[in-house]
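Here's the structure, in structure tokens; my notes come after.
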Amino acid sequence: MDLYKTYKLMKQRAKRQPGNQLASKLSDTAREIFYQNGNQKAIRQKIQTIIALEKGLPLHLKHYGQEILNAFESGNYSMDRPYAIRHRFDGNIKTGLIYTMTSPARMGETKLGATTLSIRERAKCYKSKYGYPVEVENWKEVSKPFELEEAVAQKMSEFRVCRNTSGDSIEWYCLPEDQVWKVIANTLAEKLVNQL
């Protein structure tokens, strides 16, 4: 059983139902499996939490928890993450950039991102991958950039671009760049206060 694919199915369910706190909690718990650094006891606890939470799901919806537990206990599972996002789970990454971009191809939208590349290299890679130009608006070096990006993305989830983005980036928001940057600054300030 591919645990990453199963997590993605749970995440898609949560995205389809933005107000459903149970679906969101299930997705978050499944995601936490990948942050346990292989600790078998901690992974088993996350899976058992999923099983317990799924008791609140309607019966007609797929329940993944027991299937995950069976695969885990038998050793018949993988936790491989796609290469393109593997760095997001690397606990050794201490610093990187959080940034915003805009594009004439996406008027009224702002891209949120995090990277360990230089900002110039990131913009170049984006254009090469998606085929249209972007303009870097703001960036800041921060600790744990991918955690910060995720926290900011959760705060702005209702503004995420939801149209068909097949083959395109999905990290765009229907907000002016200055508002996105303000959410980044506020989230960073909250993170710093919580560390005190």
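FYI, it's all coordinate maths here, none of it is from the lab. It should be emphasised that the depicted structure is a prediction, and the values quoted were computed from it without experimental measurement. Glycine also receives a Cβ, built like all others from the backbone with ideal geometry; neighbour counts cover every protein chain displayed.
Things worth noting here:
- Selection from Ser157, Leu26, Gly108, by position along the positive dipole direction of the chain (Cβ): Leu26
- ³J(HN,Hα), Karplus 6.51/-1.76/1.60, whole Hz, each residue of the range 67-79, x for Gly, Pro: 5, 5, 4, 4, 5, 5, 5, 8, x, 9, 8, 10, 10
- Against the set [x] 0.99; [y] 1.04; [z] 0.92, the structure's computed Rg/Rh (Cα atoms, Kirkwood Rh) falls on [x].
- Relative contact order of the range 87-195, defined on C-alpha pairs under 8 angstrom at six or more residues apart (%): 32 percent
- Rounded to the nearest whole Hz, the Karplus-based 3J(HN,Hα) values (6.51 cos²θ - 1.76 cosθ + 1.60, θ = phi - 60°) of the range 6-14 follow the sequence 5, 4, 5, 4, 5, 5, 4, 4, 5, with x at glycine and proline.
- 12 Å reach of a label modelled at Met79, 7 Å along Cα-to-Cβ, counting backbone N of the range 16-56: 31-47
- Over the chain: helical MRE at 222 nm, DSSP H runs n ≥ 4 each giving -39500 (n - 2.57), nearest 500: -15500 deg cm²/dmol
- Placing a pseudo-label 7 Å from each Cα along the Cα-to-Cβ vector at Ile170 and Lys25 gives an inter-label distance of 2.4 nm.
- Sequence-ordered 3J(HN,Hα) estimates for the range 130-146 from the Karplus curve with 6.51, -1.76 and 1.60 and θ = phi - 60° stand at 9, x, 9, x, 10, 10, 6, 9, 9, 7, 8, 6, 9, 7, 6, x, 6 Hz, glycine and proline given as x.
- FRET efficiency for the Ala189 to Glu137 pair, using the beta carbon distance and R₀ = 22 Å, is estimated at 0.70.
- Cα centre as origin, Lys/Arg/Asp/Glu Cβ charges: the chain dipole, Debye: 280 debye
- Interchain or long-range residues, amide H under 5 Å from Asn20's placed H: none
- Viscosity 0.692 mPa s, 37 °C: Kirkwood-radius Stokes-Einstein D of the range 3-80 over Cα pairs, µm²/s: 262 µm²/s
- GNM on the chain, alpha-carbon springs under 10 angstrom: the most fluctuating residue among Met107, Met79, Met156 is Met107.
- Placed amide H near Leu175: partners under 5 Å, 5+ positions off or other chain: Thr110
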